[in-house]
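One structure is given here, and the rest of the page talks about it.
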Amino acid sequence: MERNLIAETVDKVDEEVRLLGWVNTIRDHGKITFIDLRDRSGMVQCVGTNLEHVSPESVVEIIGTVSGRPENLVNSKIKTGSIEIQIKSLKVLSKAAELPFDMGTEDLNLDLPTLLDYRALTLRHKKQQAIFKVQAEIINAFRQALLKRDFVEFQAPSIISSVPEGGAEVFKVKYFDHEAYLSQSPQLYKSLLVGIFERVFSVNQIFRAEPSVTTRHLTEATSLDVEFGFIESWTDVLEMEEYVIRYIFSEVEKNCREELDLFNATLPKISDNIPTLKLKEAQEIIFQRTGRDVRQEKDLAPEDEREMCKWSLEEKGSDLVFISHFATKKKPFYVLPDPEDPTYAFSVDLLGRGVEWSSGGQRLNDYETILKHLDEWGLKQKDVEIYLQSFKYGVPPLGGFALGAERMTMHILGLKNVREASLFPRDMERIDLRLSR
C-alpha cells in the first residue's frame, strides 16, 4: 500500500490510508487514545485503542480509515480539522525516548541555551520549523529575483590565503604547511566575476571571529551577495537592492502566511521608495531628536541605528532606510570615494527595524587607483593578486551589496536573538553544544 501524505486525507473520507510520520501528542481518554500525527504536509488526529506502547515523537506507520468529524468537533485550527483517522493498525518504526520537556505545546517556553542544546529535538516544533521555512523562502526569493534580472549564481571559496579587507576578526586555519583563513566575505571574488559574467550573486557562509555575545552577532552566518557591472551611479545599487527586498517580501507574504501568523508577524513597511540619507544628515537628525551629538562620529552606533529606523517609520512610513557616505578610510580599500568629497565614500548600509541589514555601494574599477588604495590601506598587492588580475584587464563600473539571511529572518518574525534564526548557531560559546560542557 502506497503512502498517503496527511494533507491528502481531507479528500479521502471513507477511504483507507497509510500514513507515516511522528507522534506529535498523545491524549488518553480511558480505553480510547487520540494521537496527533504529523508529517511534512501537516497534522491529523488519529483515534485508536491499545496504544500504550506509543510515545511522543516516535516515528510510526498508521493504517486506518478516514472519517468525517461531527460539525461540533471540527478543529478549525488545522487543515485536516474536519476529519480524523480511525486506526486499524499502528507500527512503531522508531521509538522515541522519554522527552526532556513537553513538545506538544503551542510555544516551547525554553530558555535559549536549552533550546539550542536540544536542537535536534526542538527543531521539530512547528514554530521552530516555521522560522526556517521563512528563511528558506527568503533565500529562494533572493535567488529568483536575481535570476529574473539575468544574474549568474556562483559559489565562492571559504578558505582564503590572506585577509585583504583588513581587521583581525578572522579565523586562522592550518592549510597543509601554510596558514590560511576562513572568508569574511566573497567580495573580491564577486567583483572579479563581474569582469566575466557582468551580473553575479551567491549564497555563502561567512565567518567573523568577533568576540561578541550580543543578540545580533554570529560567528558563522549566511550572506546573500550581489554584484553587477555597468552601473551609472551608486544609486543603481540602491535601486537593485530595493527591487530584491520588495521581491523577497512579496514572496514571503504569498508563501509563508501560516508561518507569519504563528509569530503574529507583519512584514516591514516600505514607502514608495526606501528613504536615503547621507551619514551626516542622519547624524544631524539624531542630534535634533535626542540631543546626543554624534556629528563627528565615523559610523552609527547601535542606538543611532535604532533612532534612524524610528525616524524613518515616523516621518517616511518605512521600516527601512538607506544610510550612505560613510568615511572612506573606515571602509575596505575597494570602495569608491565621492569625487565631491573623497573623505566620504559611495558606501551604503540598509537599516531595518533598528539594525543593519546589509552593506554595499559602488566599488573602484580603475586599476591604478586600486593599487594606490592598497598602498594607502597598508595592504600588499600579492595578497589580492587574482583580484588585481581581473582589473588589470578591464572591469566595468560596478557595485553591489550583501544581505544577512539570519538578521532578515530575525526581524521579519520579531525574534529576540539572531541565534534563533540560525539552524545551528556558532558563537563564542557554542559549536552545536556549549563549549563549556
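Structure above, values below:
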{"quantity": "Some residue of segment 287-304 being in contact (Cβ under 8 Å) with a residue 40 or more places away in the chain and assigned to a helix (DSSP H, G or I)", "calculated": "yes"}
{"quantity": "Of all residues in segment 86-107 being part of a strand (DSSP E or B) and aliphatic (A, V, I, L, M), the one that is nearest to Leu73 (Cα to Cα)", "calculated": "Ile87"}
{"quantity": "Output for segment 280-309, where each listed residue is aliphatic (A, V, I, L, M), within 23 Å of Pro342 (Cα to Cα) and in contact with a strand residue (DSSP E or B) (Cβ under 6 Å, 6 or more places away or on another chain)", "calculated": "Ala282"}
{"quantity": "Unmet criterion (only one of (1) within 25 Å of Leu108 (Cβ to Cβ); (2) at pLDDT below 95) for Asp36", "calculated": "(2)"}
{"quantity": "Tyr189 being assigned to a strand (DSSP E or B) and crowded, with 18+ Cβ neighbours inside 10 Å", "calculated": "no"}
{"quantity": "Test for Arg289: is it touching an Asp or Glu at 6+ places or on another chain (Cβ under 7 Å), at pLDDT 95 or above and over 14 Å from Gly354 (Cα atoms)", "calculated": "yes"}
{"quantity": "Residue in segment 195-205 that is more than 22 Å from the chain's Cα centre (by Cα) and hydrophobic (A, V, I, L, M, F, W, C) present", "calculated": "yes"}
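The values are calculated or read from the model by the stated rules, or taken from the named source; none is laboratory data. Nothing here was measured: the structure is a model prediction, and the numbers come from that model. Cβ atoms come from the backbone with ideal geometry, glycine included; neighbour counts cover every protein chain shown.
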